[in-house]
Amino acid sequence: DVHIGILALQGAFAEHQVMLKKVPSKRKIVIILVRTQDDLASCNALIIPGGESTTIALLARLAGILEPLREFAKKKPIWGTCAGAILLASAIENPKKGGQELLSGMSVTVARNGWGSQVAPLEVEGLRESERPFHGIFIRAPVVTAIHTTPSDPPIVVISRISTSLLPSSQTIVSPDEDDTDPRDPRTIVALRQGKHLLTSFHPELTKDNRFHEYFVTECVFPSLLS
Ligand code: GLN
């Protein structure tokens with residue numbers, strides 16, 4: 001059996017559970033709602049849901065699993081959605097006053113609340129039936145503002161970008177006379193992978209489409225069991 005945990009301290013963990021249950025898999029997937037160090041220790045992989053990143057981090061500290069989560073991120077796959085994506089990052093441009101704890105699982109810098117409330121059809125590389133757009137739901141989601149891999153880090157693989165014309169006005173491209181579709185502006189990145197980890201700034205768990213959950217299981221979790 002493969003044990004996939006969902007961090008269940010705050011946020012949309014129940015929604016992830018519903019979606020994960022529907023993933024077709026040759027191997028039995030056991031879902032663990034993670035609230036303690038023991039829960040975490042039994043997992044082969046983890047999903048961190050959307051919600052509120054500082055609240056999740058605070059509750060994780062109170063539960064004594066903040067450090068174990070950092071250790072987990074060094075070894076096993078984590079998928080962070082929205083607030084979970086913030087936690088996975090290694091730097092944040094606008095932390096909450098008083099500071100904000102991160103897991104530093106991925107070599108990206110994010111800015112909180114960069115997106116408003118919006119939906120956007122997304123093209124995602126590697127998703128099953130990728131010609132069918134994925135309905136991206138953004139709720140005050142983080143924006144990726146920089147990528148800072150070192151030569152010893154696994155490379156970042158961008159799997160989905162949003163059109164720059166959909167960037168919220170606070171995120172307007174600095175040089176508007178440039179080509180509107182500059183593919184390398186990090187702020188257009190809405191889904192990326194680094195090694196075994198997956199980051200989405202939007203909320204696949206709030207749709208009825210579980211292709212992202214399937215993607216995490218087949219592209220991140222299963223391969224990590226072999227290594
Ligand atoms: N803005 C939230 C945060 O800072 C994330 C929002 C979300 O998960 N929908 O954690």
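Throughout, read-outs are computed from the coordinates displayed, never taken from laboratory work. A quick note: this is a predicted structure, and the numbers were derived from the prediction, not measured. Cβ: placed from backbone, ideal geometry, glycine included. Neighbour counts: every protein chain shown.
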Might you report the magnitude of the Cβ-based charge dipole of region 2-226 about its Cα centre, with Lys and Arg at +1 and Asp and Glu at -1, to the nearest 20 debye? 880
Spin-label model distance (nm) - residue 208 vs residue 100, 7 Å beyond Cα toward Cβ: 3.4
Among 80, 51, 64, which one shows the highest mean-square fluctuation when the chain is modelled as a Gaussian network with alpha-carbon springs under 10 Å? 64
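Pull out the extension gain between residue 14 and residue 41, defined as 0.36 nm times the separation in residues minus the alpha carbon to alpha carbon distance; nm, one decimal.
7.7 nm
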Applying the gyration tensor rule to the Cα atoms of region 1-121 (axes a ≥ b ≥ c; rounded if a/c under 1.5, else prolate if a/b exceeds b/c, else oblate), the class is oblate
Any idea how far apart residue 1 and residue 163 come out in nm if each label point goes 7 Å out from Cα toward Cβ? 4.6
What helices does the chain hold that run 27 Å or longer along their axis, going by alpha-carbon atoms, with a Kyte-Doolittle average of -1.0 or more, using DSSP H for the helix calls? none
Greater than 25 Å separation of Cα atoms is the criterion. Which listed pairs, 28/208; 21/76; 76/96; 22/76; 22/74, meet it? 76/96; 22/74
Normalised contact order of region 4-106, rounded percent, pairs of Cα under 8 Å and 6 or more residues apart: 27
Exposure proxy ranking, count of Cβ atoms within 10 Å, fewest first, for 34, 23: 23, 34
Which one of 50, 84, 126 has the biggest mean-square fluctuation once the chain is modelled by GNM with Cα springs under 10 Å? 126
In region 208-227, which residues have a backbone nitrogen under 13 Å from the label point lying 7 Å from residue 27's Cα in the Cα-to-Cβ direction? 217-227
So residue 218 and residue 132, fully extended at 0.36 nm per residue minus their Cα-Cα distance, gain in nm 29.1 nm
Listed with the fewest Cβ neighbours within 10 Å leading, 103, 59 appear as 59, 103
